[in-house]
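Peer 1: First the structure, which I've put down as structure tokens, then a few questions once you've had a look.
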Amino acid sequence: DQFDNLDKHTQWGIDFLEKYAKFVKERIEIEQNYAKQLRNLVKKYCPKRSSKDEEPRFTSCIAFFNILNELNDYAGQREVVAEEMGHRVYGELMRYSHDLKTERKMHLQEGRKAQQYLDMCWKQMDNSKKKFERECREAEKAQQSYERLDNDTNATKADVEKAKQQLNLRTHMADENKNEYAAQLQNFNGEQHKHYYIVIPQIYKQLQEMDERRTIKLSECYRGFADSERKVIPIISKCLEGMILAAKSVDEHRDSQLVIDCFKSGFEPPGDFPFEDYSQNIYRTISDGTISTPKQEGMRIDSKTTVGKAKGKLWLFGKKPKPQSPPLTPTSLYTSSTPNGSQYPIFSIEPVHYCMSDIKTGKPRIPSFRSLKRGMLYLQGPALEDFSHLPPEQRRKKLQQRIDELNRELQKETDQKDALIKMKDVYEKNPQMGDPSSLQPKLAETMSNMDRLRMEIHKNEAWLSEVEGKVAARSDRRHSSDINHLVTQGRESPEGSYTDDANQEVRGPSQQHAHPTEFDDEFEDDDPLPAIGHCKAIYPFDGHNEGTLAMKEGEVLYIIEEDKGDGWTRARRQNGEEGYVPTSYIDVTLEKNSKGA
């Protein structure tokens, strides 16, 4: 008798099933969005594959890239979870919910039909009952009317007979209605028993089975929901293990070595700065009080002439006249008198001044300017075929890498040539397989490529030998300068390279004892370096640092000293101003007989 409540309960069960399906759908969307965000994150931080620049592969970077790959696989597993939930749980729930609604509707319709049929039987029985009751009352009235007329002496016989016939008619109709009511009652009782003991229990049992199947389906979906997650746990664990292995692969010593190899320039460290004596005027005053004063006056040199001679020289990467020192006298060098008239040997400061003047004539090593400008030239300067715009060590590495690549290409071409020769032999032995002459163009092309690669390898090996020779020469010069660092052995460019021009060599030790003024005159009288070619500025250069020469784009300069492998070329303007300019900034044209000029 709880048909309505069961109707509500089965409807609640379907609503709960759809509610859980909605929950699974939202969980699937979360998993999909999570996987999408993870993939976008990995894509954002993954290195760009478009550029083929050789970047240092630090172990920490490699570990991070491996972690990104594992995270990308982890995102894939989240997508697998979402797909499994959508196929196994959500899709199954939606299909079952549709079938459940159809089955419930059918069972409820059968229950309503049974209830309507029972109500119809009850109405028929009730109608027959009321009719029987009404006919019985009419029969009683007819009997009372007959009895009253039968006892009435004034009533005629016809009236009594008529009342008797009416009584018999009503009595007969009451008997018929009684029989009909009894039949209807018996039928209703049978139908009612059948309804409550057979039809409705069967419908309720079907509803119960349907509700139990819904509960079982929910249980299976709960299990499938968990299994979808549990299936990917081993793969996710492997992803996490891969991240841990990537973390363990980080090697700080290897990263440090990569940094060293990447930024190692091959230049030698700056040399020691020379001692500059500013107390020589004090000792010169003391020397003026000795007996050598007249000789000094007699040997005095015109300072204007000396300064004029020094105008065209480079001093500390720039033009600066050298101060003149008074001549050295033997008396002032060896003796001095005391107030009591005794003499004792002394050593004047003039020899020290002479030595310092000798040191000042050469350019001290100040390659710090090189380290300031090298980065700018490396970033702005155009890349050359021989990598001369790079520091020696980096140039050596680039050349070695190019040689390795060319050797690999040469090996491929060699293998291809051998394969073509073998194929040609096969064609010559078996003409039906192919024409041997058809392979000749390809073979000639391969031989041409091999010759070209050999020439490239030879050219790069020559450059590599040049670089390695210069690096070794620098190491030897550094060793010799450490032994005797006070004597400058040659002229340097801003990068610390030496020239081979004998006109700028400092005189040997035998001339160091000569008169300092004569030495300066001899040094200053050297002719300027001859021009060995000319160049045209491709890019403008500011030349703020001392020893460099500013130039404008398109300006033409004279070349007086070639690049010695340090990236700098010595140039001169028409007005005589000299300085160093970046080799990568100019287009150099050398004269044919410049070496012998």
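What follows is calculated from the coordinates using simple rules that are stated; it is not laboratory data. Note that the structure is predicted; figures quoted are calculated from it, not measured. Glycine also receives a Cβ, built like all others from the backbone with ideal geometry; neighbour counts cover every protein chain displayed.
Peer 1: What are the ³J(HN,Hα) values, in whole Hz, obtained from phi via the Karplus relation 6.51 cos²θ - 1.76 cosθ + 1.60 with θ = phi - 60°, for each residue of region 10-23 in sequence order, with x given for Gly and Pro?
Peer 2: 5, 5, 4, x, 5, 4, 5, 4, 5, 5, 5, 4, 5, 4
Peer 1: Could you derive backbone 3J(HN,Hα) for region 455-463 from the dihedral phi with the Karplus parameters 6.51, -1.76 and 1.60 (θ = phi - 60°), listing whole Hz in sequence and x where the residue is Gly or Pro?
Peer 2: Each residue's phi maps through the Karplus curve to give 5, 4, 5, 4, 5, 5, 5, 5, 4 Hz.
Peer 1: Next question. Could you tell me the relative contact order of region 1-105? Use alpha-carbon pairs under 8 Å, at least six residues apart, and round to a whole percent.
Peer 2: Dividing the mean separation by the residue count of region 1-105 yields 50 percent.
Peer 1: Between ASN407 and ARG39, what's the calculated FRET efficiency when r is the beta-carbon distance and R0 is 45 Å? Round to 0.05.
Peer 2: 0.65
Peer 1: Moving to a separate point now. Using R₀ = 25 Å, calculate the FRET efficiency as 1/(1 + (r/R₀)^6) where r is the Cβ-Cβ separation of GLU276 and ASN575; round to 0.05.
Peer 2: 0.25
Peer 1: Under a crude label model (7 Å from the Cα following the beta-carbon direction), how far is PHE23 from ARG57 in nanometres?
Peer 2: Result: 5.0 nm between the two label points.
Peer 1: Compute the projected area of the convex hull of the Cα atoms of region 392-473, averaged over all viewing directions, and report it in nm² to one decimal place.
Peer 2: 5.6
Peer 1: Using the basic label-point model (7 angstrom from Cα toward the beta carbon), what is the MET455 to ASN189 distance in nanometres?
Peer 2: For MET455 paired with ASN189, the spin-label model returns 12.5 nm.
Peer 1: Using 0.36 nm per residue of separation minus the Cα-Cα distance, give me the extension gain between ASP1 and GLN144 in nm, one decimal.
Peer 2: Contour length minus Cα-Cα distance gives 46.8 nm.
Peer 1: Suppose a student asked you for the relative contact order of region 533-590, using Cα pairs under 8 Å spaced at least 6 residues apart; what percent would you report?
Peer 2: In percent, rounded to a whole number, it is 39.
Peer 1: Non-local amide H neighbours of THR569 (under 5 Å, H modeled in plane, Pro and chain starts lacking H): which ones?
Peer 2: Long-range HN contacts for THR569: VAL581, THR583.
Peer 1: To continue, here is another question. Binned at 5 Å from 0, what are the whole-percent values of the Cα-Cα distance distribution for region 533-590, short to long?
Peer 2: 5, 22, 38, 28, 7, 1
Peer 1: Determine by what factor the alpha-carbon radius of gyration of region 2-259 differs from 2.2 N^0.38 Å, reporting the quotient.
Peer 2: 2.32
Peer 1: What is the set of long-range amide H partners of THR548 at a cut-off below 5 Å, with H atoms built 1.01 Å from backbone N?
Peer 2: TYR580
Peer 1: Sequence-distant or interchain residues sharing an amide H contact under 5 Å with ILE586, placed H: which?
Peer 2: Here ILE538 satisfy the definition.
Peer 1: Report the label-to-label distance for ILE198 and ARG223 in nanometres (one decimal), using points 7 Å from each Cα along the Cα→Cβ vector.
Peer 2: Placing both labels 7 Å beyond Cα along the Cβ direction yields 3.9 nm.
Peer 1: Another question, if that's okay. With the dipole of region 392-473 worked out from charges on the C-beta (+1 for Lys and Arg, -1 for Asp and Glu) around the Cα centre, which of ILE403, ALA419, LEU464 lies farthest toward the positive end?
Peer 2: Going by the Cα projections, it comes out as LEU464.
Peer 1: Related question: Can you pick out the pairs among LYS25/LYS238; LYS48/LYS564; LYS412/LYS470; LYS48/LYS264; LYS48/LYS536 whose Cα atoms lie more than 30 Å from each other?
Peer 2: From LYS25/LYS238; LYS48/LYS564; LYS412/LYS470; LYS48/LYS264; LYS48/LYS536, over 30 Å: LYS48/LYS564; LYS412/LYS470; LYS48/LYS536.
Peer 1: While we're on this one: Fully extended, how many nm does the chain gain between THR215 and LYS264 (0.36 nm per residue separation, minus their Cα-Cα distance)?
Peer 2: The span from THR215 to LYS264 would gain 10.3 nm if fully extended.
Peer 1: From the cross-link list LYS22/LYS105; LYS22/LYS231; LYS101/LYS217; LYS22/LYS205, which pairs have alpha carbons spaced over 18 Å apart?
Peer 2: Long pairs (Cα-Cα over 18 Å): LYS22/LYS105; LYS22/LYS231; LYS22/LYS205.
Peer 1: If you don't mind, another one. Can you check what the net charge comes to around LEU443, using other residues whose Cβ is under 10 Å from the Cβ of LEU443 (Lys, Arg +1; Asp, Glu -1)?
Peer 2: +2
Peer 1: With the dipole of region 2-259 worked out from charges on the C-beta (+1 for Lys and Arg, -1 for Asp and Glu) around the Cα centre, which of GLN144, CYS61, ASN33 lies farthest toward the positive end?
Peer 2: CYS61
Peer 1: Please work out the FRET efficiency for the pair LYS205 and GLN109, using the Cβ-Cβ distance as r and a Förster radius of 22 Å; give the result to the nearest 0.05.
Peer 2: About 0.85, to the nearest 0.05.
Peer 1: Please tell me the relative contact order of region 392-473 in percent, rounded to the nearest whole number, where contacts are Cα pairs under 8 Å and at least six residues apart.
Peer 2: Reported as a whole number, the value is 49 percent.
Peer 1: Next question, about the same structure. At 0.36 nm per residue, and after removing the present C-alpha to C-alpha distance, how many nm does the segment from ARG95 to GLU468 gain when stretched out fully?
Peer 2: Result: 126.5 nm gained on full extension.
Peer 1: Ordered by residue, what ³J(HN,Hα) values in Hz, to whole numbers, does region 95-103 give under the Karplus form 6.51 cos²θ - 1.76 cosθ + 1.60, where θ = phi - 60° and Gly and Pro are x?
Peer 2: For region 95-103, the Karplus-derived couplings read 5, 5, 4, 5, 5, 5, 5, 5, 5 Hz, x marking Gly and Pro.
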